[in-house]
1. Out of all the residues in the stretch 227-271, which are in a helix (DSSP H, G or I), among the small types (Gly, Ala, Ser) and touching a Pro at 6+ places or on another chain (Cβ under 9 Å)?
2. What's the number of the condition residue 189 fails, among (1) free of Cβ contacts under 8 Å to residues at least 60 places away in the same chain; (2) not in a strand (DSSP E or B)?
3. Looking only at the stretch 242-282, which residues are under 28 Å from residue 328 (Cβ atoms), surrounded by fewer than 22 Cβ atoms within 10 Å (Cβ to Cβ) and over 19 Å from the mean Cα position of the chain (by Cα)?
4. Just to check your reading of the model, which residue among 198, 190 is within 17 Å of the chain's Cα centre (by Cα), hydroxyl-bearing (Ser, Thr, Tyr) and more than 19 Å from residue 104 (Cα to Cα)?
5. Given the criteria surrounded by fewer than 24 Cβ atoms within 10 Å (Cβ to Cβ), modelled with pLDDT of 95 or more and of a type in the set (Ser, Thr, Tyr), does residue 179 qualify?
6. Under 6 Å between Cβ atoms, at least 6 apart or on separate chains: pull out the pairs that start in the stretch 273-292 with a residue that is β-branched (Val, Ile, Thr) and end on any residue that is crowded, with 17+ Cβ neighbours inside 10 Å and in a helix (DSSP H, G or I).
7. How about the stretch 61-90: which of its residues are surrounded by fewer than 17 Cβ atoms within 10 Å (Cβ to Cβ) and at pLDDT 95 or above?
8. Residue check: is residue 98 part of a strand (DSSP E or B), in contact (Cβ under 8 Å) with a residue 12 or more places away in the chain and within 19 Å of residue 164 (Cα to Cα)?
Amino acid sequence: MIDRRSAILGSLAVGLSASGDAQTPPPAQVGGRWPRQPDPTETIDLWPAGAPGAPRNLPVEIVEDRATGAAATDRAVHGIARPRMVVFRPAKPNGSAVLVMPGGGYVRIVVDREGYEIARRLADRGWTVFVLFYRLPGDGWAAGPDVALSDAQRAMRLIRARASTYGIKSDRVAAMGFSAGGHVCGDLATRFAQPTYTPIDAADRSSARPDVAALMYAVQSMTLPLAHPGSRALLLGASPTPALENAHSTASNVTSATPPCLLVHAEDDRSVVVENTLAFRAAAIKAGVAVETHLFATGGHGFGLSRAVGKPVALWPTLFEEWARAQGLG
C-alpha cells in the first residue's frame, strides 16, 4: 500500500526541459524527510526515444518513504516509466564502475537501502557507481519477464560506450544486485547476450556482459518451493509452466561464459531462502565459473548496509571490495 507520505511525480515528461538532451531527474524527496547525505543529480535515460514496448497506459512513478520516526530515509519507487541510471561520481576515480540493481520484489525499486547507501560507500572508494531504476514486469511492458533484463543490458552497454567520459575502463565494469535486483543481476550475468530488444544506436554494439557480478541475497529460482512467491508471480504470472520457470531460473542459465560471481546470503533469510544461492553456486562450479560464496548464520533478508550494522554480515562490503580487487577491479 502507498501511504499518505507518497509523492506522485506525474506524467512521462515530468522534469524534462525543452532540450532533447534533458534527462529524467532522480526520484523526489517525500514527506519532508531528507537523506543524511545529498542525493546525486546526474542521471542517464536508457532509451532516448522512450522505453520500447510501452503499455497503452504508462505507469505513473510514485515515491514512497517507508521509514518511521526519526529513521533514515527509506524510499521505494513504483511504476518506472522512464528507466534510467543515477550516477555517483567519485572524487578520485579508480577506473572501475559498478551497475547496482536494487531489489523490491519486482513490485518496487528500493532506492536508499539497496541503492544509494552502497553507491555512496563505493564512490568514496573510487568506484563510479550507476544505480539502475529498471522497469517492473507487472506494469504491462511488451518484453514481459525480460523487461528488467532489457534495461540492465542497455545500461551495461551505455556504461561501456561512455567509459572515457567517466574515467573508467570498459573491461572493469561490475554488476551488483540485491534480492529481486539480484535476479536481474543473475539474469544479466547468465543471459547478457540474449536478444531482448532491437538495437537503437552505436552503444548497443558494446557487450552487456559484466566483468564480475555480486549477487546479494538474490532471488534465483522461479520453481517452488525455492522461489520467492511474490517475485515469481510478478515476473511469470500466477501459473507459469515448468518450462517458463526453468527459463527464468538463473542457475539453469549458467555457462562457461558467465563472469566470476560473488554470492552473499544469510542462512536465516525467511524471504529468499539460502538454497537459491546454493543452487547458483552449484551451477557455477559445474560450469567452471569462478565463484566465491559467503554465508552468514544471521542477517535476515534485505540487510543492505544500514541493517547490517553491528552484525557479522556487516563485513560484506569489505569482502566485495577485496574480492573485486583480486579480480582486477577496484
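The values are calculated or read from the model by the stated rules, or taken from the named source; none is laboratory data. Here the structure is a predicted model, which means the values were calculated and not measured. Here Cβ is always computed from backbone atoms with ideal geometry, including for glycine, and neighbour counts include all displayed protein chains.
1. Going through the stretch 227-271, the residues in a helix (DSSP H, G or I) turn out to be 229-236, 242-247, 250-253.
Now restrict to residues that are among the small types (Gly, Ala, Ser): 230-231, 233, 243, 247, 251-252.
233, 247 - these are the residues of the stretch 227-271 that are in a helix (DSSP H, G or I), among the small types (Gly, Ala, Ser) and touching a Pro at 6+ places or on another chain (Cβ under 9 Å).
2. (1)
3. 255, 256, 257, 278, 279, 282
4. Numbers: 198 fails: within 17 Å of the chain's Cα centre (by Cα).
Being within 17 Å of the chain's Cα centre (by Cα), hydroxyl-bearing (Ser, Thr, Tyr) and more than 19 Å from residue 104 (Cα to Cα) holds for just one of 198, 190, which is 190.
5. Values: surrounded by fewer than 24 Cβ atoms within 10 Å (Cβ to Cβ): no; modelled with pLDDT of 95 or more: yes; of a type in the set (Ser, Thr, Tyr): yes.
Answer is no for this residue.
6. The qualifying pairs are 291/281; 291/284.
7. Matches in the stretch 61-90: 89 only.
8. Details: part of a strand (DSSP E or B): yes; in contact (Cβ under 8 Å) with a residue 12 or more places away in the chain: yes; within 19 Å of residue 164 (Cα to Cα): yes.
Considered against the rule, which asks whether it is part of a strand (DSSP E or B), in contact (Cβ under 8 Å) with a residue 12 or more places away in the chain and within 19 Å of residue 164 (Cα to Cα), residue 98 comes out as yes.
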